[in-house]
Amino acid sequence: MDYKYMKIAIELAKLGVGRTNPNPMVGAVIVKEGEIISQGYHEYYGGPHAEVNAFRNATTSAQGATMYVTLEPCSHYGKTPPCANLIVEKGISKVVVGMMDPNPEVSGRGIALLEKNNIEVVVLDMGEELLKLNEIFLKYIKTKKPFCILKTAMTLDGKIATKTGDSKWITNETSRKQVHQLRHQVMGIMVGVGTVIADDPSLTTRLEDNQDGLDPVRIILDTRGRIPLDTKVLMQKSEAITIVATTHLMPEATKKAIEATGNQVMVLPLKDNQVDMTALIEVLGEQGLDSILIEGGATLNYSALEAGIVDKVIAYVAPKIFGGDLAKTPVGGEGISHVKDAILLEGLTTTNCDGDIVIEGYIKKEAS
(Lines give C-alpha, C1' and ligand atoms only; values in the text may rest on other atoms or scores of the structure.)
Protein backbone atom coordinates (compact mmCIF):
# COMPACT_ATOMS: atom_id res chain seq x y z
CA MET A 1 0.00 0.00 0.00
CA ASP A 2 2.92 2.35 0.66
CA TYR A 3 3.82 2.37 -3.03
CA LYS A 4 0.19 2.98 -4.03
CA TYR A 5 -0.07 6.16 -1.96
CA MET A 6 3.42 7.31 -2.96
CA LYS A 7 2.39 7.05 -6.62
CA ILE A 8 -0.49 9.41 -5.84
CA ALA A 9 1.94 11.80 -4.14
CA ILE A 10 4.20 11.74 -7.21
CA GLU A 11 1.29 12.63 -9.50
CA LEU A 12 0.44 15.52 -7.18
CA ALA A 13 4.05 16.73 -7.29
CA LYS A 14 3.89 16.93 -11.09
CA LEU A 15 1.17 19.59 -10.82
CA GLY A 16 3.85 22.05 -9.74
CA VAL A 17 5.93 21.65 -12.90
CA GLY A 18 7.51 24.89 -14.05
CA ARG A 19 6.38 26.88 -11.00
CA THR A 20 8.59 25.71 -8.14
CA ASN A 21 12.06 26.34 -9.65
CA PRO A 22 14.65 26.37 -8.21
CA ASN A 23 12.88 24.34 -5.53
CA PRO A 24 11.80 20.72 -6.11
CA MET A 25 8.36 19.44 -7.05
CA VAL A 26 6.88 17.70 -4.00
CA GLY A 27 3.58 15.97 -3.31
CA ALA A 28 2.07 14.80 -0.01
CA VAL A 29 -0.82 12.49 0.93
CA ILE A 30 -2.26 11.93 4.42
CA VAL A 31 -3.90 8.55 5.10
CA LYS A 32 -5.88 7.64 8.21
CA GLU A 33 -7.53 4.30 8.87
CA GLY A 34 -7.04 3.27 5.26
CA GLU A 35 -8.61 6.41 3.80
CA ILE A 36 -7.03 9.47 2.20
CA ILE A 37 -8.05 12.43 4.34
CA SER A 38 -5.99 15.05 2.56
CA GLN A 39 -3.41 15.78 -0.10
CA GLY A 40 -1.35 18.71 -1.29
CA TYR A 41 1.63 19.73 -3.37
CA HIS A 42 4.21 22.50 -3.61
CA GLU A 43 2.35 24.88 -5.91
CA TYR A 44 4.83 27.69 -6.52
CA TYR A 45 8.26 28.93 -5.46
CA GLY A 46 8.14 30.69 -2.11
CA GLY A 47 4.70 29.26 -1.32
CA PRO A 48 3.71 26.67 1.30
CA HIS A 49 5.35 23.28 0.96
CA ALA A 50 3.40 20.15 0.06
CA GLU A 51 3.10 19.04 3.70
CA VAL A 52 1.65 22.40 4.76
CA ASN A 53 -0.92 22.34 1.98
CA ALA A 54 -1.87 18.77 2.85
CA PHE A 55 -2.56 19.75 6.46
CA ARG A 56 -4.56 22.79 5.32
CA ASN A 57 -6.71 20.60 3.09
CA ALA A 58 -7.36 17.94 5.75
CA THR A 59 -11.02 17.03 6.25
CA THR A 60 -10.39 15.62 9.72
CA SER A 61 -7.69 15.53 12.40
CA ALA A 62 -4.37 14.12 11.21
CA GLN A 63 -3.58 12.79 14.71
CA GLY A 64 -2.24 9.24 14.36
CA ALA A 65 -2.29 9.32 10.55
CA THR A 66 0.41 8.38 8.03
CA MET A 67 1.90 10.97 5.71
CA TYR A 68 3.35 10.05 2.32
CA VAL A 69 5.70 12.69 0.93
CA THR A 70 7.91 12.44 -2.14
CA LEU A 71 10.87 14.24 -0.56
CA GLU A 72 12.27 14.19 2.96
CA PRO A 73 10.51 16.92 5.02
CA CYS A 74 12.70 19.97 5.54
CA SER A 75 14.10 20.70 8.99
CA HIS A 76 15.51 24.17 8.38
CA TYR A 77 14.09 27.66 7.99
CA GLY A 78 14.06 28.92 4.41
CA LYS A 79 11.26 30.91 2.79
CA THR A 80 8.91 28.81 4.95
CA PRO A 81 9.17 27.18 8.43
CA PRO A 82 10.42 23.58 8.79
CA CYS A 83 7.85 21.00 7.69
CA ALA A 84 9.29 18.34 10.02
CA ASN A 85 8.30 20.46 13.04
CA LEU A 86 4.76 20.85 11.71
CA ILE A 87 4.45 17.08 11.22
CA VAL A 88 5.39 16.57 14.88
CA GLU A 89 2.89 19.21 16.02
CA LYS A 90 0.05 17.62 14.03
CA GLY A 91 0.55 14.23 15.69
CA ILE A 92 1.43 12.20 12.59
CA SER A 93 2.51 8.71 13.69
CA LYS A 94 4.30 7.54 10.53
CA VAL A 95 5.99 9.25 7.60
CA VAL A 96 6.78 7.44 4.34
CA VAL A 97 9.43 9.28 2.29
CA GLY A 98 10.03 8.78 -1.40
CA MET A 99 13.54 10.22 -1.46
CA MET A 100 15.95 11.76 1.02
CA ASP A 101 16.90 15.41 0.59
CA PRO A 102 19.84 15.50 -1.88
CA ASN A 103 21.29 18.62 -0.29
CA PRO A 104 24.29 17.27 1.66
CA GLU A 105 23.93 20.08 4.19
CA VAL A 106 20.45 18.99 5.28
CA SER A 107 20.07 15.38 4.11
CA GLY A 108 18.83 13.13 6.90
CA ARG A 109 18.14 15.92 9.36
CA GLY A 110 14.41 15.96 8.71
CA ILE A 111 14.18 12.22 9.24
CA ALA A 112 16.31 12.44 12.40
CA LEU A 113 14.00 15.09 13.85
CA LEU A 114 10.93 12.95 13.17
CA GLU A 115 12.48 9.84 14.68
CA LYS A 116 13.63 11.81 17.71
CA ASN A 117 9.94 12.57 18.31
CA ASN A 118 8.99 8.88 18.07
CA ILE A 119 7.56 9.09 14.56
CA GLU A 120 8.14 5.99 12.45
CA VAL A 121 9.94 6.81 9.20
CA VAL A 122 10.11 4.59 6.11
CA VAL A 123 12.19 5.55 3.06
CA LEU A 124 10.93 3.85 -0.10
CA ASP A 125 13.07 2.97 -3.09
CA MET A 126 11.21 4.65 -5.94
CA GLY A 127 14.05 4.12 -8.41
CA GLU A 128 14.28 6.38 -11.45
CA GLU A 129 10.77 7.78 -11.12
CA LEU A 130 11.57 10.37 -8.44
CA LEU A 131 15.08 11.01 -9.75
CA LYS A 132 13.66 11.99 -13.14
CA LEU A 133 10.86 14.05 -11.60
CA ASN A 134 13.36 16.35 -9.91
CA GLU A 135 16.42 15.93 -12.13
CA ILE A 136 16.73 19.71 -12.48
CA PHE A 137 16.66 20.27 -8.72
CA LEU A 138 19.03 17.37 -8.05
CA LYS A 139 21.78 18.79 -10.23
CA TYR A 140 21.35 22.40 -9.18
CA ILE A 141 21.28 21.75 -5.43
CA LYS A 142 24.54 19.78 -5.68
CA THR A 143 26.50 21.86 -8.21
CA LYS A 144 24.80 25.28 -8.39
CA LYS A 145 24.95 24.88 -12.16
CA PRO A 146 21.84 24.72 -14.35
CA PHE A 147 20.56 21.46 -15.79
CA CYS A 148 20.91 21.88 -19.56
CA ILE A 149 18.59 20.24 -22.09
CA LEU A 150 19.54 20.30 -25.75
CA LYS A 151 16.38 20.14 -27.86
CA THR A 152 16.43 19.67 -31.59
CA ALA A 153 14.00 18.79 -34.36
CA MET A 154 15.11 16.99 -37.50
CA THR A 155 13.95 14.97 -40.46
CA LEU A 156 14.45 11.23 -40.76
CA ASP A 157 17.68 11.91 -42.69
CA GLY A 158 18.95 14.24 -39.97
CA LYS A 159 18.25 17.68 -41.46
CA ILE A 160 17.11 20.76 -39.55
CA ALA A 161 16.34 22.75 -42.70
CA THR A 162 16.24 22.36 -46.47
CA LYS A 163 19.15 23.40 -48.67
CA THR A 164 17.54 26.88 -48.94
CA GLY A 165 17.26 27.24 -45.16
CA ASP A 166 13.49 26.63 -44.98
CA SER A 167 12.62 24.96 -41.66
CA LYS A 168 8.95 25.75 -40.92
CA TRP A 169 7.74 23.32 -39.93
CA ILE A 170 9.71 20.11 -39.61
CA THR A 171 7.70 18.64 -36.74
CA ASN A 172 3.93 18.48 -36.29
CA GLU A 173 1.73 20.70 -34.15
CA THR A 174 1.60 18.23 -31.27
CA SER A 175 5.39 18.17 -31.04
CA ARG A 176 5.55 21.94 -31.10
CA LYS A 177 3.06 22.11 -28.24
CA GLN A 178 5.31 19.77 -26.27
CA VAL A 179 8.20 22.16 -26.80
CA HIS A 180 6.20 24.95 -25.17
CA GLN A 181 5.62 22.64 -22.21
CA LEU A 182 9.39 22.18 -22.07
CA ARG A 183 9.90 25.94 -22.06
CA HIS A 184 7.44 26.17 -19.18
CA GLN A 185 9.54 23.70 -17.15
CA VAL A 186 12.86 25.56 -17.38
CA MET A 187 14.11 28.93 -16.16
CA GLY A 188 16.11 29.85 -19.25
CA ILE A 189 16.09 29.30 -23.01
CA MET A 190 19.29 29.68 -25.03
CA VAL A 191 19.84 30.40 -28.73
CA GLY A 192 22.62 31.86 -30.81
CA VAL A 193 22.48 35.29 -32.43
CA GLY A 194 22.33 33.58 -35.83
CA THR A 195 18.92 32.14 -34.94
CA VAL A 196 17.74 35.58 -33.79
CA ILE A 197 18.87 37.23 -37.02
CA ALA A 198 17.40 34.51 -39.25
CA ASP A 199 14.07 33.85 -37.50
CA ASP A 200 13.44 36.76 -35.08
CA PRO A 201 11.80 34.36 -32.55
CA SER A 202 9.82 35.48 -29.49
CA LEU A 203 11.10 32.63 -27.28
CA THR A 204 8.01 32.80 -25.08
CA THR A 205 5.82 30.04 -23.66
CA ARG A 206 2.39 29.40 -25.14
CA LEU A 207 0.43 26.54 -23.64
CA GLU A 208 -2.80 24.89 -24.70
CA ASP A 209 -6.21 26.48 -24.12
CA ASN A 210 -4.65 29.96 -24.47
CA GLN A 211 -3.01 29.55 -21.08
CA ASP A 212 0.32 31.33 -20.89
CA GLY A 213 3.13 29.51 -19.12
CA LEU A 214 5.92 31.24 -17.28
CA ASP A 215 8.31 32.72 -19.82
CA PRO A 216 11.92 31.60 -19.37
CA VAL A 217 14.79 34.07 -19.31
CA ARG A 218 16.03 34.42 -22.87
CA ILE A 219 19.79 33.90 -23.29
CA ILE A 220 21.32 35.00 -26.60
CA LEU A 221 24.92 34.12 -27.40
CA ASP A 222 26.34 37.02 -29.39
CA THR A 223 30.13 37.13 -29.42
CA ARG A 224 30.50 40.34 -31.44
CA GLY A 225 27.29 42.26 -30.78
CA ARG A 226 25.42 41.51 -34.02
CA ILE A 227 21.94 41.35 -32.47
CA PRO A 228 19.40 43.71 -34.15
CA LEU A 229 18.16 46.23 -31.60
CA ASP A 230 14.57 45.95 -32.81
CA THR A 231 14.41 42.16 -32.52
CA LYS A 232 11.53 40.55 -30.60
CA VAL A 233 13.71 39.13 -27.83
CA LEU A 234 14.73 42.67 -26.85
CA MET A 235 11.30 44.22 -27.36
CA GLN A 236 9.30 41.44 -25.64
CA LYS A 237 6.81 42.60 -23.01
CA SER A 238 7.45 39.92 -20.43
CA GLU A 239 8.48 39.56 -16.80
CA ALA A 240 11.45 37.52 -18.01
CA ILE A 241 14.38 39.54 -19.29
CA THR A 242 16.76 38.79 -22.13
CA ILE A 243 20.43 38.22 -21.33
CA VAL A 244 22.81 38.86 -24.21
CA ALA A 245 25.97 36.89 -23.48
CA THR A 246 28.88 38.50 -25.27
CA THR A 247 32.59 39.32 -25.07
CA HIS A 248 34.79 42.41 -25.20
CA LEU A 249 34.22 42.36 -28.97
CA MET A 250 30.74 43.86 -28.59
CA PRO A 251 30.83 47.62 -29.31
CA GLU A 252 30.13 49.76 -26.24
CA ALA A 253 27.34 51.57 -28.07
CA THR A 254 25.55 48.27 -28.70
CA LYS A 255 25.93 47.27 -25.07
CA LYS A 256 24.39 50.54 -23.87
CA ALA A 257 21.55 50.31 -26.39
CA ILE A 258 20.63 46.80 -25.21
CA GLU A 259 20.71 47.83 -21.56
CA ALA A 260 18.48 50.79 -22.41
CA THR A 261 15.75 48.30 -23.38
CA GLY A 262 15.76 46.94 -19.81
CA ASN A 263 17.65 43.80 -20.71
CA GLN A 264 21.05 42.58 -19.53
CA VAL A 265 24.42 42.33 -21.22
CA MET A 266 26.77 39.74 -19.77
CA VAL A 267 30.40 40.19 -20.84
CA LEU A 268 32.29 36.90 -20.66
CA PRO A 269 35.75 35.64 -21.65
CA LEU A 270 36.50 34.81 -25.26
CA LYS A 271 37.35 31.14 -25.84
CA ASP A 272 38.02 29.60 -29.25
CA ASN A 273 36.78 32.82 -30.85
CA GLN A 274 33.37 32.68 -29.13
CA VAL A 275 31.68 33.16 -25.75
CA ASP A 276 33.17 30.88 -23.11
CA MET A 277 30.18 28.62 -22.48
CA THR A 278 31.61 27.05 -19.32
CA ALA A 279 31.98 30.50 -17.77
CA LEU A 280 28.48 31.41 -18.96
CA ILE A 281 26.89 28.40 -17.27
CA GLU A 282 28.65 29.17 -14.00
CA VAL A 283 27.42 32.77 -13.99
CA LEU A 284 23.87 31.77 -14.90
CA GLY A 285 23.88 29.33 -11.99
CA GLU A 286 25.10 32.07 -9.66
CA GLN A 287 22.17 34.19 -10.84
CA GLY A 288 19.74 31.48 -9.74
CA LEU A 289 18.88 29.82 -13.06
CA ASP A 290 18.52 26.11 -12.35
CA SER A 291 17.69 24.94 -15.88
CA ILE A 292 18.25 25.92 -19.51
CA LEU A 293 16.67 24.69 -22.72
CA ILE A 294 19.14 24.98 -25.60
CA GLU A 295 17.17 25.59 -28.81
CA GLY A 296 19.95 26.79 -31.04
CA GLY A 297 21.20 25.85 -34.45
CA ALA A 298 23.98 23.50 -35.49
CA THR A 299 26.81 25.78 -34.37
CA LEU A 300 25.47 26.44 -30.86
CA ASN A 301 24.55 22.78 -30.38
CA TYR A 302 28.09 21.64 -31.16
CA SER A 303 29.59 24.33 -28.95
CA ALA A 304 27.38 23.29 -26.03
CA LEU A 305 28.23 19.61 -26.46
CA GLU A 306 31.93 20.33 -26.87
CA ALA A 307 31.92 22.48 -23.71
CA GLY A 308 30.32 19.59 -21.78
CA ILE A 309 27.42 21.64 -20.44
CA VAL A 310 24.63 19.44 -21.87
CA ASP A 311 22.93 17.00 -19.48
CA LYS A 312 20.03 15.76 -21.56
CA VAL A 313 19.13 15.58 -25.24
CA ILE A 314 15.58 15.58 -26.61
CA ALA A 315 15.38 14.98 -30.35
CA TYR A 316 12.16 15.18 -32.33
CA VAL A 317 12.43 13.15 -35.54
CA ALA A 318 9.79 13.81 -38.20
CA PRO A 319 8.95 11.19 -40.88
CA LYS A 320 10.24 13.44 -43.66
CA ILE A 321 13.32 13.38 -45.89
CA PHE A 322 15.00 16.54 -47.22
CA GLY A 323 18.31 15.32 -48.59
CA GLY A 324 20.94 17.72 -49.89
CA ASP A 325 24.61 18.10 -49.08
CA LEU A 326 24.03 21.74 -48.16
CA ALA A 327 21.09 21.09 -45.82
CA LYS A 328 22.18 21.62 -42.22
CA THR A 329 22.20 18.92 -39.56
CA PRO A 330 21.45 19.38 -35.84
CA VAL A 331 25.10 19.48 -34.80
CA GLY A 332 27.66 21.38 -36.84
CA GLY A 333 31.01 22.79 -35.81
CA GLU A 334 34.31 21.08 -36.35
CA GLY A 335 33.02 17.67 -35.29
CA ILE A 336 35.01 14.70 -34.05
CA SER A 337 37.67 12.80 -35.99
CA HIS A 338 37.23 9.28 -34.62
CA VAL A 339 34.21 7.15 -33.81
CA LYS A 340 35.71 6.25 -30.43
CA ASP A 341 35.44 9.92 -29.42
CA ALA A 342 31.69 10.16 -30.09
CA ILE A 343 29.47 11.79 -27.47
CA LEU A 344 27.36 8.97 -26.06
CA LEU A 345 23.82 8.96 -24.69
CA GLU A 346 22.39 6.62 -22.08
CA GLY A 347 19.03 6.04 -20.40
CA LEU A 348 17.24 6.32 -23.74
CA THR A 349 13.47 6.46 -24.11
CA THR A 350 11.45 6.78 -27.30
CA THR A 351 7.84 7.90 -27.64
CA ASN A 352 5.47 8.51 -30.53
CA CYS A 353 4.20 12.07 -30.71
CA ASP A 354 1.36 11.94 -33.22
CA GLY A 355 3.69 10.52 -35.87
CA ASP A 356 6.92 12.23 -34.84
CA ILE A 357 9.37 10.13 -32.84
CA VAL A 358 10.76 11.70 -29.66
CA ILE A 359 14.09 10.35 -28.44
CA GLU A 360 15.33 11.36 -24.99
CA GLY A 361 18.65 10.48 -23.46
CA TYR A 362 21.29 11.67 -21.04
CA ILE A 363 24.85 12.57 -21.93
CA LYS A 364 27.11 9.80 -20.67
CA LYS A 365 29.59 11.45 -18.35
CA GLU A 366 33.03 9.98 -17.88
CA ALA A 367 33.56 8.52 -14.43
CA SER A 368 35.43 10.98 -12.25
### Message
On a straight-distance basis, which aspartates and glutamates could pair with Lys320 in a cross-link, Cα separation under 20 angstrom, same-chain partners fewer than 8 positions away excluded?
### Response
Asp157, Asp166, Glu173, Asp354, Asp356, Glu360
### Message
Taking 0.36 nm per residue of sequence separation and subtracting the Cα-Cα distance, how much length would be gained by fully extending the chain between Thr143 and Ile36, in nm to one decimal?
### Response
34.8 nm
### Summary
So the angle from the long Cα axis of helix 277-286 to the longest Cα principal axis of the chain, reported in degrees to the nearest 10, equals 30 degrees
### Task
Using a 1.4 angstrom probe on heavy atoms only, work out the carbon and sulfur share of the accessible area of the stretch 80-156 in %.
51 percent
#### Entry: Helix-only mean residue ellipticity at 222 nm for the chain, each DSSP H run of n ≥ 4 adding -39500 (n - 2.57), per residue, nearest 500
-7500 deg cm²/dmol
### Message
What number comes out for accessible area per residue over the stretch 217-368 if the probe is 1.4 Å? Units Å², please.
### Response
53 Å²
### Query
Packing-wise, with mean Cβ within 10 Å as the measure, how do 182-191, 249-258 rank, highest first?
182-191, 249-258
### Task
For the pairs Lys145/Lys271; Lys142/Lys271; Lys32/Lys90; Lys142/Lys365; Lys177/Lys255, note any where the Cα-Cα span goes beyond 24 Å.
Lys142/Lys271; Lys177/Lys255
### Query
Protein chains only, probe 1.4 Å: how do Glu259, Glu366 rank by accessible area, largest first?
Glu366, Glu259
### Query
Given 0.36 nm per residue, what is the gain on full extension from Thr350 to Asn57 after removing their alpha carbon distance, in nm?
101.7 nm
### Query
aspartates and glutamates within cross-link reach of Lys232: Cα-Cα under 19 Å, excluding same-chain residues under 8 positions apart?
Asp199, Asp200, Asp212, Asp215, Asp222, Glu259, Glu295
### Query
Taking the stretch 106-222 as the region of interest, what is the percent of Cα-Cα pairs per 10 angstrom bin, listed from the shortest bin to the one with the maximum distance?
10, 28, 29, 16, 10, 5, 1
### Summary
Percent antiparallel among DSSP beta bridges confined to the chain, nearest 5, equals 45 percent
#### Entry: Debye, to nearest 20: dipole size of the stretch 168-271, +1 on Lys, Arg Cβ, -1 on Asp, Glu Cβ
320 debye
#### Entry: Between helix 2-13 and the chain: long-axis angle, C-alpha atoms, 0 to 90°, nearest 10
50 degrees
### Net charge dipole size for the chain [Lys, Arg +1 and Asp, Glu -1 on Cβ; Debye, nearest 20]
340 debye
### Query
The list (1) 16.7; (2) 20.7; (3) 17.6 gives values of mean projected area of the Cα convex hull in nm², and only one came from this structure; which label was calculated from it?
(2)
### Message
If I model a spin label as a point 7 Å beyond the Cα along the Cα-Cβ vector, how far apart are those points for Ala260 and Arg176 in nm?
### Response
3.5 nm
### Task
Just subtract the alpha-carbon distance of Ala342 and Asp230 from 0.36 nm times their residue separation and send over the number in nm, one decimal.
36.3 nm
### Task
Using only the alpha-carbon atoms of the stretch 225-325, report the extent along each of the three principal axes, biggest first, to the nearest angstrom.
45, 29, 27
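The values are calculated or read from the model by the stated rules, or taken from the named source; none is laboratory data. This one's a predicted model, so the numbers in the text were calculated from it and none came from an experiment. All Cβ positions, glycine included, derive from the backbone under ideal geometry; neighbour counts span all protein chains shown. With ligands, DNA and RNA removed, areas are computed over all heavy atoms of the protein, side chains included. Shrake-Rupley method; radii C 1.70, N 1.55, O 1.52, S 1.80 Å.
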